[in-house]
Structure formats: structure tokens, C-alpha cells
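Asks: Sharing a structure with you now.
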Amino acid sequence: MPDIRRALPLALSLATIGALAGCHRDTPREATADGTAIGGDYRLEGKRSFRGMIGGNATVAAGADVTITGMIGGDLIVEQGARVRMKGMVGGRIINNGGQVDVRGAVANP
């Protein structure tokens with residue numbers, strides 16, 4: 001029989017990620033999200049910092065000024081006029097539609 005003390009944290013983590021799955025949208029405001037795990041796609045707007053993991057695609061909205069520290073499992077999509085500083089890893093591609101992008105880390109599919 002497996003040790004429940006070791007299995008429980010993993011089960012709780014998977015349940016949390018499952019609950020966060022889907023498409024999420026950030027509200028335009030100056031904000032910091034620290035240690036966040038998003039299971040699906042995520043849209044970042046306004047001036048803010050995000051620290052954590054986005055399991056799907058991350059879209060930086062037009063005119064946004066964003067710093068992402070952590071990992072994006074899918075693509076990083078940058079809309080026109082957006083500015084993004086990525087410190088970490090992008091598992092997909094960077095799709096730049098007319099913004100400024102600064103990557104300090106790795107891109108799996110450049």
C-alpha cells in the first residue's frame with residue numbers, strides 16, 4: 001500500500017491545477033501574482049509581474065507592460081504595442097505581433 005503522506009501533496013497539486021485549467025484572463029491593473037500555477041491559457045493585461053507557471057499559451061495584451069518569471073508550457077503571444085520581459089522558459093514558440101520582447105532563458109521551439 002502506498003504511503004499516503006507522500007501521495008497526498010501530489011494529489012492536492014494535481015487537483016489545484018485541474019481546477020485552474022481552462023482560459024484565464026487577468027484584469028487590467030498594476031499587480032503581482034507570486035507563485036501562481038495556471039493549468040491552461042492565460043491573458044495578461046496592464047502593468048504587472050507574474051511569477052509561476054502557465055501550462056498553456058500566455059498572451060500579453062496590446063499596450064501591456066509585463067514581466068514573467070517562471071515557465072510557459074505553450075506559446076508566448078505578444079500583441080501589438082505590448083512589452084514583455086520573460087525570465088525563464090517558454091515550452092513553445094514566441095509569436096511577436098508587433099511588441100517588444102526580452103527573453104532571459106530558453107525557448108524550446110524558436
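Readers should treat all values here as calculations from the given coordinates under stated rules, not as data from a laboratory. Since the model is a prediction, treat every value here as computed from it, not as a measurement. Neighbour counts are summed over all protein chains in view; Cβ atoms, including those assigned to glycine, are modelled from backbone coordinates with ideal geometry.
Asks: Given labels modelled 7 Å from the Cα in the Cβ direction, how far is it in nm from Arg43 to Ile95?
Replies: Between Arg43 and Ile95, the label points sit 1.4 nm apart.
Asks: To make sure I understand, if each residue's beta carbon is the centre and we count other beta carbons within 10 Å, what order do Ile77, Ile68 fall in, fewest to most?
Replies: Ile77, Ile68
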